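A quick write-up on the structure given underneath.
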Amino acid sequence: NVPEDQADKLLLASWGLPKAVLEKYHSLGVVQMFEWQAECLMLGQVLEGKNIVYSAPTSAGKTLVAELLILKRVLETRKKALLILPFVSVAKEKKCYLQ
């Protein structure tokens, strides 16, 4: 569980994302994360590029965790990222979404 003193970590706005990114998520109705998603991001040194393995049911929000990790790393390091997706339809959707 996310400690009470870090409850603001559930809000996307607390992760230092650019305004345009936050506005896109907000337009899709995503303003905050589930506790387990914030826990993933706060685990160890994940935000510094360390690996993480997590599992959740279909439609639970795994992609949001991956997107936030990728966005933060790309914006902070100015390096490219590779996002591998399982289906062409999902890849097309994410391409439009992330542009």
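Taking Cβ atoms as reference points and 15 Å as the exclusive limit, the residues near VAL90 contribute a net charge of +2, counting Lys and Arg as +1 and Asp and Glu as -1.
When nucleic acids and ligands are ignored and a 1.4 Å probe is applied, TYR25 ends up with an accessible area of around 10 Å².
May I ask for the net charge around LEU41, where only other residues with Cβ less than 14 Å from the Cβ of LEU41 are counted and Lys, Arg are +1 while Asp, Glu are -1? Each step should come with its number before you reach the end.
Numbers: positive: LYS9, LYS50, LYS62, LYS72, ARG73; negative: ASP8, GLU35, GLU39, GLU48, GLU67, GLU76.
Net charge around LEU41: -1.
Summary value for the chain: 20 percent relative contact order, contacts being C-alpha pairs under 8 angstrom separated by 6+ residues. Only helical runs count toward this figure. For the chain, summing -39,500 (n - 2.57) over DSSP H runs of n ≥ 4 and dividing by all residues gives -13500 deg cm²/dmol at 222 nm. Under 18 Å of direct C-alpha separation, and excluding same-chain neighbours fewer than eight residues apart, LYS92 reaches these aspartates and glutamates: GLU67. Applying the Karplus relation 6.51 cos²θ - 1.76 cosθ + 1.60 with θ = phi - 60° to segment 43-59 yields 3J(HN,Hα) values of 6, x, 10, 4, 5, 9, x, 6, 7, 8, 10, 9, 9, 7, x, 4, 6 Hz, where x marks Gly and Pro. Here the calculated FRET efficiency for SER55 and PHE34, from their Cβ-Cβ distance with R0 = 22 Å, stands at 0.95, rounded to the nearest 0.05.
To the nearest 0.05, what FRET efficiency results for ILE70 and ALA7 with a Förster distance of 25 Å applied to their C-beta separation? List each step's numbers first, then the result.
Numbers: r = 24 Å, r/R0 = 0.98.
E between ILE70 and ALA7, to the nearest 0.05, is 0.55.
Over the chain, with every protein chain in place, what whole percent of the accessible area is carbon and sulfur at 1.4 Å, could you tell me?
On the way: 4020 of 7130 Å².
After summing per-atom areas, the C and S share lands at 56 percent.
Within the assembled protein chains, the solvent-accessible surface assigned to LYS24 is about 90 Å², based on a 1.4 Å probe.
So for segment 4-98, what are the equivalent ellipsoid semi-axes in whole Å, largest first, each being the square root of 5 times an eigenvalue of the Cα gyration tensor? Spell out each step's value before the answer.
Values: eigenvalues 77, 51, 48 Å².
For segment 4-98, the ellipsoid semi-axes come out as 20, 16, 16 Å.
Scanning residues 5 or more positions from GLN32 or on other chains, those with amide H under 5 Å from its amide H are LEU12, with H placed 1.01 Å from N in the peptide plane.
The values are calculated or read from the model by the stated rules, or taken from the named source; none is laboratory data. Computed from a prediction, not measured in an experiment: that's the story for all the values here. Cβ atoms come from the backbone with ideal geometry, glycine included; neighbour counts cover every protein chain shown. Please note that ligands, DNA and RNA were not included when accessible areas were found on the heavy atoms of the full protein model with its side chains. Shrake-Rupley method; radii C 1.70, N 1.55, O 1.52, S 1.80 Å.
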